[in-house]
Amino acid sequence: MAILKKRYEEYNLIVAHLGGGITIGAHLKGQVAKDIGAMATVLKGFCDGVILTGALTRSERLLDILQSRISFIGRVFVFPEDIEMYALLESGREIITDRWSIIRYQ
């Protein structure tokens with residue numbers, strides 16, 4: 001991320017992907033804001049910013065609602081690109097070429 005001054009790993013960021021799998025409605029704006037707020041507690045309030053990604057971030061109405069509820073947590077960055085399939089492809093390529101290993105959660 002060119003806008004960051006430190007390495008990605010040095011930041012405390014909350015990332016909310018708002019792709020097509022999220023139900024749109026009154027539930028969405030409140031639930032997403034609540035979940036982002038919950039992540040801020042995990043970071044003990046030391047949050048460098050909130051990153052919103054996915055196709056639904058193209059909705060100005062949704063962004064206005066979310067930003068009014070979460071901007072106190074930290075700077076809000078919006079990346080409306082919907083590139084999760086590309087990310088899956090790249091991750092698969094890293095695993096196939098043995099650059100990454102598969103982590104199995106139980």
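Just so it is clear, none of the values below were taken in a lab; they were calculated from the coordinates. As the structure is a computational prediction, the values presented were derived from the model and not from experiment. Heads up, the Cβs are rebuilt from the backbone with ideal geometry, glycines too, and the neighbour counts pull from every protein chain shown.
Mind giving me the nanometre distance, one decimal, between the label points for Thr41 and Arg99, set 7 Å out from Cα along Cα→Cβ?
Roughly 3.8 nm, to one decimal.
Taking a cut-off of 26 Å between Cα atoms, list the lysines near Lys34, but don't count ones fewer than 8 places away on the same chain.
Hits, sequence-local ones excluded: Lys44.
With an 8 Å Cα cut-off and a minimum separation of 6 or more residues, compute the relative contact order for the stretch 54-106 in percent.
Reported as a whole number, the value is 35 percent.
Filter the trypsin sites (Lys or Arg not before Pro) in the stretch 70-103 to those in DSSP coil with at most 14 other Cβ atoms within 10 Å of their Cβ, and list the result.
Arg99
What is the distance, in nm, between label points placed 7 Å from the Cα along the Cα-to-Cβ direction at Leu89 and at Ala55?
Output for this residue pair reads 1.7 nm.
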